[in-house]
Amino acid sequence: MAKGRMRYWKITSEELGGYAYDENNLLNWEIKCVREPDDEAKFIGVFMYRHGTAYDYESVRGICYYHNNIDRKELPSITNFLQGKFNGKEMEKGDRVFLKDSKEIFSAKDISELAKEMESKFNTKAIISLEFEGITAEKLKEAGLPEAKLLPIPT
């Protein structure tokens, strides 16, 4: 089977804790933390791209988050929580906050633990997405990732 880019979605923090993939193949991840009720569209999205996230004309490495319908008064507590765990220099652009040069995490265990902490601390439910490259779907299946949550990315 060919190696390509594959995205897994709608993963819970509990499910992610049981995966054992090769971290070197994880291209990016996102934890979308949704507050009830869903129809108010209140959420915080924490994410990381292996090769950095676009910020104007540069690529910034480190943890980032975005927010939707979250009171601006809450943002310092979100930023402080993430900086306390990962450090990094705070940079803001629109609805995104970058923690430049923060610690980078790619293991299932670390991402799962962060998702659980976000759920508890910010009263949310986490939905996780993972995107891999340079690995086959078969290898990812062996690592515990379910085919039912696979979204192949057309090349």
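The values are calculated or read from the model by the stated rules, or taken from the named source; none is laboratory data. Note that the structure is predicted; figures quoted are calculated from it, not measured. Counting neighbours? That spans all protein chains shown, and the Cβs are built from the backbone with ideal geometry, glycine included. Surface accessibility is based on the protein's heavy atoms, side chains included, excluding ligands, DNA and RNA. Shrake-Rupley method; radii C 1.70, N 1.55, O 1.52, S 1.80 Å.
Taking segment 101-133 as the range and being open to solvent by 40 Å² or more (accessible area, probe 1.4 Å) and in a strand (DSSP E or B) as the test, the residues that pass are 125, 127, 133.
Hey, does segment 1-10 have a residue that's under 30 Å from residue 136 (Cα atoms) and either hydroxyl-bearing (Ser, Thr, Tyr) or buried (at least 18 other Cβ atoms within 10 Å of the Cβ) (or both)? Within segment 1-10, one or more residues are under 30 Å from residue 136 (Cα atoms) and either hydroxyl-bearing (Ser, Thr, Tyr) or buried (at least 18 other Cβ atoms within 10 Å of the Cβ) (or both).
Every listed requirement among (1) more than 16 Å from residue 29 (Cβ to Cβ); (2) not in a strand (DSSP E or B) is met by residue 90 save one, (2).
Among the criteria (1) open to solvent by 60 Å² or more (accessible area, probe 1.4 Å); (2) under 18 Å from the mean Cα position of the chain (by Cα), the one residue 73 does not fulfil is (2). Residue pairs whose Cβ atoms lie under 9 Å apart, sitting 6 or more positions apart in sequence or on different chains, and linking a residue in segment 32-48 that is within 20 Å of residue 131 (Cβ to Cβ) to a partner that is of a type in the set (Gly, Ala, Ser) and surrounded by fewer than 18 Cβ atoms within 10 Å (Cβ to Cβ), are 34/41. Among the residues of segment 39-56, the ones that are outside any loop (DSSP other than H, G, I, E, B), hydrophobic (A, V, I, L, M, F, W, C) and closer than 13 Å to residue 67 by Cα come to 4 in all.
Among the residues in segment 126-135, are any charged (D, E, K, R), at pLDDT below 95 and closer than 25 Å to residue 33 by Cα? Scanning segment 126-135 turns up at least one residue that is charged (D, E, K, R), at pLDDT below 95 and closer than 25 Å to residue 33 by Cα.
Looking at 45, 62, 17, just one residue is surrounded by 12 or more Cβ atoms within 10 Å (Cβ to Cβ), modelled with pLDDT under 95 and either over 20 Å from residue 116 (Cα atoms) or not β-branched (Val, Ile, Thr) (or both), and that residue is 17.
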